[in-house]
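The values are calculated or read from the model by the stated rules, or taken from the named source; none is laboratory data. Just so it is clear, the model here is predicted, and its values are computed rather than measured. Positions of Cβ are backbone-derived with ideal geometry, glycine not excepted, and every protein chain shown enters the neighbour counts. Quick note on the areas: whole protein, heavy atoms, side chains included, nothing else; ligands and nucleic acids left out. Shrake-Rupley method; radii C 1.70, N 1.55, O 1.52, S 1.80 Å.
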Amino acid sequence: MSQRDEYETELTGSRAEIASVLHGVADGLRTGAVRLGDETGAVTVETPEELTLEIEFETEDDGASLELELEWSVSSDTAAVSSAEPASEETAEEPTPVGAADGSQSLARFEVYQARDDTWRWRLRHHNGNIIATGGQGYTRKHNALKGLRSVMANSPEAAVNGEFTE
């Protein structure tokens with residue numbers, strides 16, 4: 001297996017498209033390995049439990065930039081970077097530029113937020129930005145909104161589907 005110690009790319013897209021890429025980074029961090037690039041030139045970077053995040057924002061005459069930089073120590077006994085073997089052209093699908101190395105990317109995230117009426121609510125948001133479920137009620141305390149959210153998460157895997165439908 002060949003090893004590379006550098007990878008660089010630049011993506012231009014909508015806020016939703018860039019947010020999707022950042023979700024991929026977050027999924028990879030959560031699982032301990034981030035995959036960068038498509039299958040033919042993918043690089044997998046293993047990440048430790050503890051990292052340093054540096055956030056920098058600056059404006060210039062013709063634009064602004066927001067830089068996010070993750071840093072950590074690499075010990076000599078840890079494999080930090082590995083490259084994937086190129087995939088055949090026949091099996092190549094549309095590339096996902098960044099994601100969890102184990103393919104366990106989440107397609108949705110639960111959010112707890114304070115609404116305009118000062119109540120706490122939860123919702124389930126697809127990584128493309130669309131809201132796909134809401135809690136339906138407001139809570140006076142954030143703790144209670146989290147409690148309601150956890151109840152839905154705990155009770156929904158075995159929930160029955162009522163009503164008639166065809167697949």
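The accessible surface of segment 128-167, taken with every protein chain in place and a 1.4 Å probe, is 48 percent carbon and sulfur. A straight chain from GLU158 to ILE131 at 0.36 nm per residue would run longer than the Cα-Cα distance by 7.5 nm. Summing Lys and Arg as +1 and Asp and Glu as -1 over all other residues whose Cβ lies under 11 Å from the Cβ of THR47 gives a net charge of -3.
Seen from a random direction on average, the alpha-carbon convex hull of segment 105-167 projects onto 5.9 square nanometres.
May I ask for the net charge around GLY129, where only other residues with Cβ less than 13 Å from the Cβ of GLY129 are counted and Lys, Arg are +1 while Asp, Glu are -1?
+2
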